[in-house]
1. Could you tell me whether any residue of region 157-174 is among the charged types (D, E, K, R), touching a residue at least 40 places away in the same chain (Cβ under 8 Å) and surrounded by fewer than 20 Cβ atoms within 10 Å (Cβ to Cβ)?
2. For Met44, all conditions in the list (1) more than 23 Å from Glu187 (Cα to Cα); (2) more than 14 Å from the chain's Cα centre (by Cα) hold save one; what is the number of the exception?
3. Under 6 Å between Cβ atoms, at least 6 apart or on separate chains: pull out the pairs that start in region 100-117 with a residue that is in contact (Cβ under 8 Å) with a residue 60 or more places away in the chain and within 23 Å of Ile154 (Cβ to Cβ) and end on any residue that is part of a strand (DSSP E or B) and acidic (Asp, Glu).
4. Let me spell it out: the conditions are (1) farther than 20 Å from Ala202 by Cβ; (2) outside the structural domain of Lys150 (by TED's automatic domain parsing); (3) surrounded by fewer than 15 Cβ atoms within 10 Å (Cβ to Cβ), and Lys76 meets all of them except one. Which number is the exception?
5. Considering only residues of region 39-68 that are of a type in the set (Val, Ile, Thr) and surrounded by fewer than 18 Cβ atoms within 10 Å (Cβ to Cβ), which is modelled with the lowest pLDDT?
6. Take the residues in region 1-25 that are in a loop (DSSP other than H, G, I, E, B) and of a type in the set (A, V, I, L, M, F, W, C), then tell me which one is surrounded by the fewest Cβ atoms within 10 Å (Cβ to Cβ).
7. Look through Ile200, Ile172 and report the one residue that is closer than 18 Å to Ile114 by Cβ and among the aliphatic types (A, V, I, L, M).
8. Hey, among the residues in region 161-206 that are within 11 Å of the chain's Cα centre (by Cα) and within 15 Å of Lys14 (Cβ to Cβ), which one's modelled with the lowest pLDDT?
Amino acid sequence: MILTLPEAEKLLEKYGIPVVEEALVRNRQAAVTIAGQIGLPVVMKAHGFVHKTEHGAIRVNISTLEDVAAAFESLKTIQNAKKLEKTEGILVQKQVEGVEFIVGVAENDQFGRIISFGLGGVFVELFRDVSFRALPIRPRDALEMIKDLKYAKILEGYRGIKPANIGKLKKIIMSVARLAGKENVREMDINPLFVNGSSIAAADVRILSGG
């Protein structure tokens, strides 16, 4: 069973994994209201797409309420054109800065369930810089996963992005591992996980439960 976004985010929060401030809306006025409450600029996403960028289903750096209204109509048109079986509305999300990572859980025929960590966002398929471990893992395994990345140096800071709090990042990887074990998760992807100094937050998540 694929969890709805609110269900998935509730699980993240239960295990201490921060989530970017956001809300799902179903009409233009609600989008404008939420954007005003969250604070501009915002990001808006048409829910229901696995690869939102490929479908033009994401808008970033929206800095006026008029543009929020226009983005809602544009994204809703994209959703309707795809005739998606299940949508949860349009996501209005506080725009945050940081390096994008992915933390995932999947089933493997040889090793059972595995956890992965690597560069996320649009860089997942471009660089394929990901490390893996079989679950369960120990804290030192989580730390090794971070250090194993070819581009781990980016965590030392890059173009205005603060050096990552490695200890906090390690704890989040461990939290994902605990969540997967205790909640009977078959598949899971947090992508992107924004990392900027001690500020670390999930901006999107997909969870497939085995229950």
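1. Yes; the residues of region 157-174 include at least one that is among the charged types (D, E, K, R), touching a residue at least 40 places away in the same chain (Cβ under 8 Å) and surrounded by fewer than 20 Cβ atoms within 10 Å (Cβ to Cβ).
2. Only one criterion in (1) more than 23 Å from Glu187 (Cα to Cα); (2) more than 14 Å from the chain's Cα centre (by Cα) is unmet by Met44, namely (2).
3. Final answer for the pair search is Gly104/Asp189.
4. Only one criterion in (1) farther than 20 Å from Ala202 by Cβ; (2) outside the structural domain of Lys150 (by TED's automatic domain parsing); (3) surrounded by fewer than 15 Cβ atoms within 10 Å (Cβ to Cβ) is unmet by Lys76, namely (3).
5. Ranking the qualifying residues of region 39-68, first place goes to Val50.
6. Selected residue: Met1.
7. Ile172
8. Val205
The values are calculated or read from the model by the stated rules, or taken from the named source; none is laboratory data. This is a predicted model, so every value here is computed, not measured. Positions of Cβ are generated from backbone atoms using ideal geometry, with glycine treated the same way; all protein chains shown enter the neighbour counts.
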